[in-house]
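> First the structure, which I've put down as structure tokens, then a few questions once you've had a look.
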Amino acid sequence: MKKTLLLLALVAAPALAGEGKWTPQQVLELNPTWLKAQGLQVPPQRLWDPKRGTGLLAGAVNVGGCTGAFISSTGLVITNHHCAFSIIQEHSSPQRDLITQGYLATSREAELPGKGARIQVPRSFTDVTKDVLAAVPAGADDLARYKAIEHKQKELVAECEKRPATRCQVATFDGGVQYVLVDSVELTDVRLVYAPPRAVGEFGGEEDNWMWPRHTGDFAIVRAYTAPDGSAAQYSEKNVPYKAEFFFPLATQGVKPGDFVMVLGYPGITFRTLLADEMAKSQSRYYPRIIDAVGESIRILEEEGEKDPAGKISVASILKGLHNWHKNAEGQLAGLKRGHIIEKQREAEEAVVRWAEKKPEFAPALSARVELLSRVEDMDKTWEREFLLGNLRAGARGVSMAVTLSRLARERAKPDLEREPAFMDREHPRIKDQLEREQKNLFLPAEKRLLQAFVRRAQALGPEARIAAVDKHFGAKATDKEVAAKIDALYAGTKLLTLPERMAMFAETEAQLQARKDPLLAFGLDLATEVAALDELKDRRDGASRRLRPEWRRAVLAHAGKPVAPDANGTLRVTFAKVQGYAPRDGVVYTPQTTLAGVLAKNTGAEPFVVPDKLLAAVQAKHFGKWVDPGLKDVPVDFLADADTTGGNSGSPTVNGKGELVGVNFDRVWENVANDFGYNPDVARNVSVDVRYVLWMLDQVEDADALLRELGVRKGPPVAQENR
């Protein structure tokens with residue numbers, strides 16, 4: 001029955017062209033006539049060949065939580081500036097500020113390696129649903145169910161990763177309706193080739209983030225390397241550029257309104273399968289608390305960073321992520337309200353209920369929904385505590401690292417397959433890389449204030465939600481002055497913020513960590529105990545969800561009668577779209593393209609609207625090359641389409657019907673942030689940087705002749721013939 005339901009959901013064409021983050025498997029089952037009518041000019045089989053693991057989709061790669069795209073046979077990958085930011089920051093200092101100045105490698109020897117940077121190239125997708133579900137013992141309670149599923153996933157991944165240079169995962173679709181083993185090649189030598197100045201890559205800053213019209217050149221180029229024999233290898237001067245089996249040619253003609261485009265990538269997470277009441281909890285509790293807590297962290301980092309140039313560089317990467325998280329939360333709340341998304345979801349649920357009530361075979365689905373609803377209120381009493389413990393990454397880096405080291409030591413004592421997935425042997429290189437990279441993020445004045453903010457929030461919790469580690473180390477009723485003094489003593493006595501000592505801690509047992517008598521580690525060990533207990537509680541809840549949600553989702557899929565793409569889960573997807581503007585509110589219509597003229601119009605000479613001198617010089621000299629759009633009579637910068645994207649699609653290749661790269665996705669519009677909960681065709685717009693702006697920067701601003709030749713692009717004359 002399950003297979004029948006999945007097939008029924010795929011034989012028809014989607015109701016909305018832009019809606020749906022389609023898996024590689026689904027693409028091959030979509031109606032080819034519908035795809036051709038949308039504008040696809042290549043056979044659907046060219047998108048993905050499951051037998052060989054090749055096709056257009058194979059050119060879209062995972063770049064550490066972002067997406068990238070091969071654009072040459074010699075391993076060049078284009079992604080977003082903000083996705084390569086950690087490499088830029090790693091090589092920056094007040095004396096050599098690559099964040100501000102940008103960087104162009106004039107030779108391969110000058111390309112800058114990224115510590116811990118990785119690129120994953122998709123290879124295969126295998127349905128393992130039967131294997132996973134068969135591992136659940138009869139009569140298992142919810143925690144046992146979760147543990148059994150997790151254990152089977154680990155076994156499948158371990159077997160998959162016996163191949164060298166392989167990274168695998170078992171992805172969950174529709175809450176457990178389907179499980180898919182994803183197999184990728186992992187490349188671990190990644191080097192920065194080009195990053196524009198920050199005033200290009202972040203033009204408009206937080207003021208323009210999530211907004212339209214947009215004039216940001218959010219792109220960067222890196223290169224993947226392998227050992228001389230073609231195998232994946234860590235950084236070495238002897239390594240050679242990766243030979244990409246497929247790469248996206250650059251569409252130098254660009255796009256125009258109405259053109260068909262596809263966005264390929266690795267969208268992180270969406271929430272469209274949640275029940276309306278579950279969505280309402282996010283609206284009433286989660287996003288308001290994110291705005292509050294993350295907002296406080298932002299204020300602290302900005303205030304402390306302004307006091308010290310080196311400190312400003314140290315907090316830059318963390319601050320960038322927090323700003324995005326904070327503004328996203330604001331957009332989610334605004335979008336949920338504006339689009340009446342929860343109300344629409346409730347109406348859709350009720351329609352499924354009325355339909356299922358007439359079909360006895362879906363009685364289990366109705367019962368599952370009732371139980372899911374009953375669980376929504378379960379965590380209310382301890383919600384604030386769980387929020388604080390679950391979002392340590394928004395606070396002091398030292399505390400987060402102390403908890404990581406503590407949990408790593410405890411988990412290492414277990415057999416590998418019995419550990420928490422994040423602390424298995426396969427994750428140790430990543431943990432080590434992260435612990436090393438954090439050195440660039442550390443700024444002691446900010447650290448202390450972030451920890452004090454965390455302690456203050458923990459002290460305010462009710463009696464049933466205390467964080468014992470905070471009460472033990474700082475006092476349940478200590479004054480701000482007393483807490484500050486204890487924090488000063490804690491940081492004065494720790495060696496955890498010293499890189500060699502931290503790397504030694506990485507390999508130590510729990511007993512060895514305790515023997516250090518390090519005050520920050522001692523706090524981390526106690527806090528880690530509570531985080532681990534919370535994880536087990538979440539596992540039990542997840543086990544219940546995996547028992548109940550698939551039943552409900554099968555009813556939803558059967559009721560739909562049309563293709564339904566599953567929620568995003570970090571796996572490879574493609575969305576089909578058209579280049580088009582939108583009307584954000586009454587009396588306002590946005591066109592879908594922006595130009596250099598708009599960049600200059602926004603130029604105030606002060607952040608975040610500073611146009612770099614070399615870009616201004618190229619414009620003033622009328623060095624537009626061959627990159628002027630005939631219709632716009634200007635160099636295009638960004639464009640809109642109605643693609644179905646979310647976080648993780650940062651850096652996604654935007655390609656035309658021939659499979660040529662026309663842009664690089666980097667954002668959504670403000671009205672579309674709540675797209676994570678429901679697609680609204682009226683405002684669902686993603687933002688891409690136009691490939692012609694990329695090429696104009698390389699050609700007329702940077703004089704990157706060698707890089708252009710490698711991309712197969714001829715350098716144009718400095719002055720365009722078209723009138724502007």
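The values are calculated or read from the model by the stated rules, or taken from the named source; none is laboratory data. Bear in mind the structure is a predicted one, so any value in this text is a computation, not a measurement. Methodologically, a virtual Cβ is constructed for each residue, glycine included, from the backbone with ideal geometry; neighbour enumeration extends over all protein chains shown. Each accessible area value is taken on the protein alone, full model and side chains, heavy atoms only, with ligands, DNA and RNA left out. Shrake-Rupley method; radii C 1.70, N 1.55, O 1.52, S 1.80 Å.
> Explain nothing, just compute: Karplus ³J(HN,Hα) = 6.51 cos²θ - 1.76 cosθ + 1.60, θ = phi - 60°, for every residue of region 100-115 in order, whole Hz, x for Gly and Pro.
With the stated coefficients, region 100-115 comes to 6, 7, x, 7, 10, 6, 7, 7, 5, 5, 8, 5, 9, x, x, 5 Hz.
> Take the Cα coordinates of region 546-652, assign each an equal point scatterer, and use the Debye formula without solvent to give log10 I(q)/I(0) at q = 0.17, 0.24 Å⁻¹.
-1.04, -1.28
> Which of the peptides 701-713, 481-493 is most tightly packed, and how do the rest follow, judged by the mean count of other Cβ atoms within 10 Å per residue? Please list the in-between numbers first.
Details: 701-713: 17.2, 481-493: 14.8.
So the order, starting with the most tightly packed, is 701-713, 481-493.
> If Rh is defined by the Kirkwood formula over all Cα pairs and Rg also comes from Cα, what ratio Rg/Rh do you get for region 388-517? Working shown, then result.
Working: Rg = 15.4 Å, Rh = 15.8 Å.
Rounded to two decimals, Rg over Rh is 0.97.
> A further question follows. Report, by chain and number, residues whose modeled amide H sits under 5 Å from the one on T54, excluding near sequence neighbours (fewer than 5 apart, same chain).
D49
> To the nearest 20 Debye, how big is the dipole of region 139-295 about its Cα centre, given +1 on the beta carbon of each Lys and Arg and -1 on that of each Asp and Glu?
Values: 18 positive and 22 negative charges, 36 e Å.
Dipole size: approximately 180 debye.
> Given 5 Å bins starting at zero, what is the percent of C-alpha pairs of region 447-487 in each, up to the one with the largest pair distance?
5, 27, 40, 20, 7, 1
> Regarding region 137-231, what's the average projected area of the Cα-atom convex hull, expressed in nm²? Display every interim value, and only then the final one.
Values: hull surface 42.9 nm².
With every direction weighted equally, the projected area is 10.7 nm².
> Here is a further query. Kirkwood hydrodynamic radius (Cα pairs, Å) of the chain?
Taking every pair of different Cα atoms in the chain, averaging 1/r and inverting gives 26.9 Å.
> Also, quick follow-up: Rank-order 179-186, 460-467, 320-327, 235-242 by packing density, defined as the average count of other C-beta atoms within 10 Å over each peptide's residues, highest first. Mind dumping the intermediate values first?
Values: 179-186: 20.5, 460-467: 13.0, 320-327: 19.0, 235-242: 15.4.
The packing order, highest mean first, is 179-186, 320-327, 235-242, 460-467.
> Sorted from largest to smallest, which semi-axis lengths in Å does the alpha carbon gyration tensor of region 243-329 give for its equivalent ellipsoid, taking the root of 5 times each eigenvalue? Mind dumping the intermediate values first?
Details: eigenvalues 228, 142, 31 Å².
Taking √(5λ) for each eigenvalue gives 34, 27, 13 Å, largest first.
> Suppose a student asked you for the relative contact order of the chain, using Cα pairs under 8 Å spaced at least 6 residues apart; what percent would you report? Mind dumping the intermediate values first?
Working: 1402 pairs, mean separation 173.2, N = 724.
Computed over the chain, the figure is 24 percent.
> How big, in percent, is the set of alpha carbon pairs in region 460-591 lying more than 27 Å apart? Present the calculation step by step, with values, prior to reporting the outcome.
Working: 4973 of 8646 pairs.
Counting every Cα pair in region 460-591, those more than 27 Å apart make up 58 percent.
> Which value, in Å², gives the accessible area per residue of the chain when a 1.4 Å probe is used on the protein heavy atoms? Don't skip to the end; give the middle numbers.
Numbers: 29410 Å² over 724 residues.
Per-residue value: 41 Å².
> Now, a different point. Could you tell me what percent of the accessible area of region 226-374 is made up of carbon and sulfur, with a 1.4 Å probe and every protein chain present? Mind dumping the intermediate values first?
Working: 3920 of 7200 Å².
After summing per-atom areas, the C and S share lands at 55 percent.
> Moving on to the next point. Select from the chain the helices, each a whole stretch of DSSP H, whose alpha-carbon atoms run 20 Å or more along the helix axis and whose Kyte-Doolittle mean is at least -0.5; answer none if there are none. Provide the component values of the computation, followed by the final result.
On the way: long enough: 142-160 (27 Å, -0.74); 287-305 (26 Å, -0.17); 309-338 (42 Å, -0.35); 341-356 (22 Å, -0.53); 397-412 (22 Å, -0.17); 444-459 (22 Å, -0.36); 519-560 (57 Å, -0.32).
Sorted by number, the helices that extend far enough and score high enough are 287-305, 309-338, 397-412, 444-459, 519-560.
> Still on this structure, I have one more. Whole number please: convex hull volume per residue of the Cα set in region 610-658, in Å³? It would help to have the intermediate numbers written out before the result.
Numbers: hull volume 7.6 nm³, N = 49.
Roughly 156 Å³ of hull volume per residue.
> Using a 1.4 angstrom probe on heavy atoms only, work out the carbon and sulfur share of the accessible area of region 70-186 in %.
Summing carbon and sulfur atoms, their accessible area is 50 percent of the total for region 70-186.
> OK, next. Taking every pair of alpha-carbon atoms in region 497-560, give the share separated by more than 18 Å as a whole percent.
Values: 1189 of 2016 pairs.
Value for region 497-560: 59 percent of Cα pairs lie more than 18 Å apart.
> Please list, in order along region 165-180, the HN-Hα scalar couplings obtained from phi with the Karplus expression 6.51 cos²θ - 1.76 cosθ + 1.60 (θ = phi - 60°), rounded to whole Hz, x for Gly and Pro.
6, 10, 10, 10, 8, 9, 8, 9, 10, 6, x, x, 5, 9, 10, 10
> Could you state the number of Å between the C-alpha centres of region 286-345 and region 252-279?
22
> Per the 1.4 Å probe, what fraction of the accessible area of region 501-553, in percent, lies on carbon and sulfur atoms?
On the way: 1110 of 2140 Å².
Its accessible area is 52 percent carbon and sulfur atoms.
> Please list 100-110, 142-152 highest first by mean number of surrounding beta-carbon atoms within 10 Å per residue.
Ranked by mean Cβ neighbours within 10 Å, highest first: 142-152, 100-110.
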